[in-house]
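Following: one structure in structure tokens, then a few remarks.
The values are calculated or read from the model by the stated rules, or taken from the named source; none is laboratory data. Computed from a predicted structure; not experimentally measured. Backbone-built Cβ (ideal geometry, glycine too); neighbour counts: all protein chains shown. With ligands, DNA and RNA removed, areas are computed over all heavy atoms of the protein, side chains included. Shrake-Rupley method; radii C 1.70, N 1.55, O 1.52, S 1.80 Å.
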Amino acid sequence: MHLNHKTFLITGASGGIGSALAHALVAAGANVLVHGRDEQRLHTLLRALPTGTPAVLADLATADGRDTLAAFARGHKALDGAVLNAASGHFGPFEEMTGEEIERVLTTDLLSPLLLTRALLPLLRRRVDSALVLIGSTLGRIGHPGFAVYGAAKGGLHTFAEALGREFGSAGPRVLHVAPRATRTAMNDGAARAMNAALKVSEDPPERVAAAIVAALKRDARRVQIGAPEKIFVRMNALLPGVVDRALAGKRDTIMKFAST
């Protein structure tokens, strides 16, 4: 896909990966429409983007917020791509989560992307060469202690992306699923960062994830798993889950110590 002069909508653009991706797409010659939930952070982003970059403020965990975003997108009829990046994380023991926390994560990370995909498809189908990018997570490919609900949401998003891409076939839009590994963003709280440090888990800067997304769009890829060790771990989890069970069992006490904080 040639990105020059193409127009992309990015949800969650005021966050780490979304902001880095907005800059990377602009650097590649694309135009961006940006969404955020935090007004101050969105204004900070806009000051660093080309003057006049369209933006919208909305909470995508609500029906009104999704309607606002869909109307915003319809107001810009040329839409060559949509990157559904907005997400809500949670690190902690499942039994300590409230019903409201479970609902928030599942709504933001799974239900909202599905509903937004349905709303944006008519716009994407108008273009001969268009792309729908769904930002998942390695934690959606491997069941990891402390991330039960977040992993369930991202796992569902992975299956959705795979099924939708096969359903569309060559008719488009092309569906790209991206699974970052641990990334240094505000969504990862201090406890998660401390756990990663204790377990010597690699953390990527958002710019690396953004670069991987841009490269995948250029080569018309359909799936990207970031991190060589993570690729191996994901494959092992699919073929030999018992091996991964034992590997994570040896780290469980450390993981749950940080999760409980």
Quiz item: With θ set to phi - 60° and the Karplus curve 6.51 cos²θ - 1.76 cosθ + 1.60, what are the ³J(HN,Hα) couplings of segment 74-85 in order, to the nearest whole Hz, using x for Gly and Pro?
Solution: 5, x, 10, 4, 8, 10, 8, x, 10, 10, 8, 10
Exercise. For LYS218, go through the lysines and keep the ones whose alpha-carbon is under 19 Å away, minus same-chain ones fewer than eight residues off.
Key: LYS6
Practice problem: Name the long-range amide H neighbours of VAL83: under 5 Å, sequence gap of 5 or more, or other chain; modelled H, no Pro or chain starts. | Solution: LEU9, ILE10, THR11, VAL133
Quiz item: From the phi of every residue in segment 102-117, what ³J(HN,Hα) in whole Hz does the Karplus formula 6.51 cos²θ - 1.76 cosθ + 1.60 yield, where θ is phi - 60° and glycine or proline is x?
Solution: 4, 5, 4, 5, 5, 5, 5, 8, 10, 4, 4, x, 5, 5, 5, 4
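Quick check on the chain: of the DSSP beta bridges with both residues there, what percent are antiparallel, nearest 5%?
That works out to approximately 0 percent antiparallel.
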Self-check item: Antiparallel DSSP beta bridges within segment 1-115, as percent of all bridges there, nearest 5
Solution: 0 percent
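Given the DSSP H assignment, sum -39500 (n - 2.57) over each helix run of at least 4 residues in the chain and divide by its residue total; what's the result at 222 nm in deg cm²/dmol, nearest 500?
Details: 11 runs with 127 residues, N = 261.
About -15000 deg cm²/dmol.
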Quiz prompt | Backbone HN-Hα couplings from phi across segment 124-136 [Karplus 6.51/-1.76/1.60, Hz, Gly and Pro as x] | solution = 5, 6, 6, 9, 5, 10, 10, 9, 10, 10, 10, 8, x
Quiz item: In nm, what is the difference between 0.36 nm times the number of residues separating PHE94 and THR51 and their Cα-Cα distance?
Solution: 11.1 nm
Practice problem: With an 8 Å cut-off on Cα pairs and a minimum separation of 6 or more residues, tell me the relative contact order of segment 26-105 in percent. | Solution: 22 percent
Quiz item: Based on the Cβ-Cβ distance of VAL214 and ARG166, what FRET efficiency does E = 1/(1 + (r/R0)^6) give at R0 = 35 Å, to the nearest 0.05?
Solution: 0.90
Quiz item: Considering amide H positions built from the backbone, and no H for Pro or chain starts, which residues 5 or more places from GLY146, or on another chain, come under 5 Å of its amide H?
Solution: PHE94
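Using only alpha carbon pairs under 8 Å that are at least six residues apart, calculate the relative contact order of the chain and give it in whole percent. It would help to have the intermediate numbers written out before the result.
Numbers: 451 pairs, mean separation 51.4, N = 261.
RCO, the chain: 20 percent.
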Practice problem: Find the accessible area per residue for the chain; the probe is 1.4 Å, ligands and nucleic acids are left out, and the unit is Å². | Solution: 47 Å²
Quiz prompt | Structure-derived percent of Cα pairs over 30 Å apart - corresponding label in [x] 51; [y] 25; [z] 29 | solution = [y]
